[in-house]
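K.L.:
Submitted below is the structure of interest, expressed as structure tokens.
Every read-out reported here was derived from the displayed coordinates using simple, explicitly stated rules and does not represent laboratory data. Quantities reported herein were computed from a predicted structural model and do not represent experimental measurements. For neighbour counting, all protein chains shown are included, and Cβ atoms are generated from backbone atoms with ideal geometry for every residue, glycine included.
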Amino acid sequence: MPIFEPSGHPHRWTPSALAAGPFAGLQGGAVASLLTAEIEAQAGIRKWGTAISASAWFLRPTPMTDLRTQLSVVSEGGRVSVIDNTLWPADEDQPCATVRVTLSRERAVEIGGFADSVGATADPTRFPVRNRRAAHGKPWFMDAMEAREGDGVAWFRLDHAIIDGAGSLPLSSVLGPADWTHGIARPVQNVVADPNPNLTVQLFRPPSGPWVGVRAETRWRPAAGLGAGSRVLLDIHGEIGRVSMSVILVPFPKGADKVAAEGAPKPVPASD
């Protein structure tokens, strides 16, 4: 079952329960994945090339309701295209989120003596499964994927398509796992909520297979209520790109700390 179903009109979507975030509204990674998947789905038709980066801004919480989106071409033609996609609740005029995706037509370049490095193949299934409950106690975006942790990497396998046909859309399949970066390496657990108002992912190659790994690093500055998350994205063969986001530190919603403590995974230490 896709996480977002078309609601009968072009660019209209109905989120499933698996799109929910841990508190109120939808998970930012699910929203960014939807907006990016729409662009990637048009890339072949419009000859935009391969999506190589996405920057998302979460302007306000996205409610669990029917949604509408609108694509806008910023630049098209030549080797690089830049496309925006913005999301609103279907019956409102104030947007909730927007993404800007950069796409490029691939073109081989020969460089003498240069070879892609390929490491040993990783096996995420040898690490323990990590489950985490949402503060509201209902299904949420984490339930749409299998999560495992080991050797300083958090691994995610998305078990549901973002939209129908999204299995061949590599960037949108990475955004959901990448959105957990700031939570994987929290310096302290279950003290404050740490939403990210933005998310940037850059890929230099698509993931091979369904597993996406995050080797995360987080920095907090509690005196200012700010932080940042970043580091490396991987597939089972090695590095595929980078992720970064800003972090806003806010008090836990009332009662959420108890639920978080019951279901919280152990933090994954950053490692090189």
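K.L.:
Quick query: amide H of Ala20 versus all other amide H atoms, modeled in the peptide plane; which residues come in under 5 Å with a sequence gap of 5 or more or a different chain?
P.N.:
Gln27, Phe141
K.L.:
Search the structure for amide H atoms under 5 Å from the amide H of Glu217, placed 1.01 Å from N in the peptide plane, and list their residues when 5 or more places away or on another chain.
P.N.:
Result for Glu217 returns Ser230.
K.L.:
Using R₀ = 22 Å, calculate the FRET efficiency as 1/(1 + (r/R₀)^6) where r is the Cβ-Cβ separation of Glu239 and Arg219; round to 0.05.
P.N.:
Efficiency, rounded to the nearest 0.05: 0.55.
K.L.:
Please work out the FRET efficiency for the pair Val188 and His136, using the Cβ-Cβ distance as r and a Förster radius of 35 Å; give the result to the nearest 0.05.
P.N.:
E(calc), rounded to 0.05, equals 0.95.
K.L.:
Across every pair of different alpha-carbon atoms, what Kirkwood hydrodynamic radius in Å does segment 154-196 reach?
P.N.:
12.2
K.L.:
May I pose another question? Please give the net charge around Gly213, taking every other residue with its beta carbon less than 12 angstrom from that of Gly213, where Lys and Arg add +1 and Asp and Glu add -1.
P.N.:
Local charge sum for Gly213: -1.
K.L.:
Further question: Given a 10 angstrom Cα cut-off, can you work out which residue in Ala161, Ala120, Ala30 is the most mobile in a GNM of the chain?
P.N.:
Per the Cα network of the chain with a 10 Å cutoff, Ala120 tops the list.
K.L.:
Would you mind computing Rg(Cα) / (2.2 N^0.38 Å) for segment 1-156, counting N as its residues?
P.N.:
1.23
K.L.:
Within segment 1-81, which trypsin sites (Lys or Arg not before Pro) sit in a loop by DSSP and count at most 12 neighbouring Cβ atoms inside 10 Å?
P.N.:
Answer in residue order: Lys47, Arg79.
K.L.:
Per residue of segment 38-48, in order, report the coupling 6.51 cos²θ - 1.76 cosθ + 1.60 (Karplus, θ = phi - 60°) as ³J(HN,Hα) in whole Hz, putting x for Gly and Pro.
P.N.:
Going residue by residue, I get 4, 5, 4, 5, 8, 4, x, 5, 8, 6, 7 Hz, with x marking Gly and Pro.
K.L.:
For the chain, what does the helix formula give at 222 nm: sum of -39500 (n - 2.57) over DSSP H segments with n ≥ 4, over the residue count, nearest 500 deg cm²/dmol?
P.N.:
Working: 4 runs with 40 residues, N = 272.
That calculation yields -4500 deg cm²/dmol at 222 nm.
K.L.:
Under 5 Å between amide H atoms, partner at least 5 residues away or on a different chain: which partners does Asp235 have, H built in plane at 1.01 Å?
P.N.:
Gly213, Ile240
K.L.:
Here's something else I'd like to know. Tell me, what HN-Hα J-couplings in whole Hz come from the Karplus equation 6.51 cos²θ - 1.76 cosθ + 1.60 at θ = phi - 60° for each residue of segment 86-101, using x for Gly and Pro?
P.N.:
Rounded to whole hertz, the list is 10, 10, 10, x, 4, 10, 10, 9, 8, x, 9, 7, 8, 10, 10, 10.
K.L.:
Hey, another quick one. What number in nm² do you get for segment 38-91 if you take the convex hull of its Cα atoms and divide its surface by four?
P.N.:
With every direction weighted equally, the projected area is 4.4 nm².
K.L.:
If you don't mind, there's one more thing I want to ask. Got a sec to turn the phi values of segment 54-61 into Karplus ³J(HN,Hα) couplings, 6.51 cos²θ - 1.76 cosθ + 1.60 with θ = phi - 60°, whole Hz, x for Gly and Pro?
P.N.:
9, 10, 10, 10, 9, 7, 6, x
K.L.:
With Kirkwood radius over Cα pairs in Å as the read-out, I listed (1) 20.3; (2) 19.0; (3) 18.2; which label goes with the value calculated from this structure?
P.N.:
(2)
K.L.:
Roughly what would the spin-label model give for Leu71 and Asp164, points 7 Å off Cα along C-beta, in nm?
P.N.:
With each label placed 7 Å out from Cα toward Cβ, I get 1.7 nm.
K.L.:
Follow-up question, since we're still on this one. With labels modelled as points extended 7 Å from the Cα through the Cβ direction, what inter-label distance (nm, one decimal) is found for Arg46 paired with Phe127?
P.N.:
Calculated label separation equals 3.5 nm.
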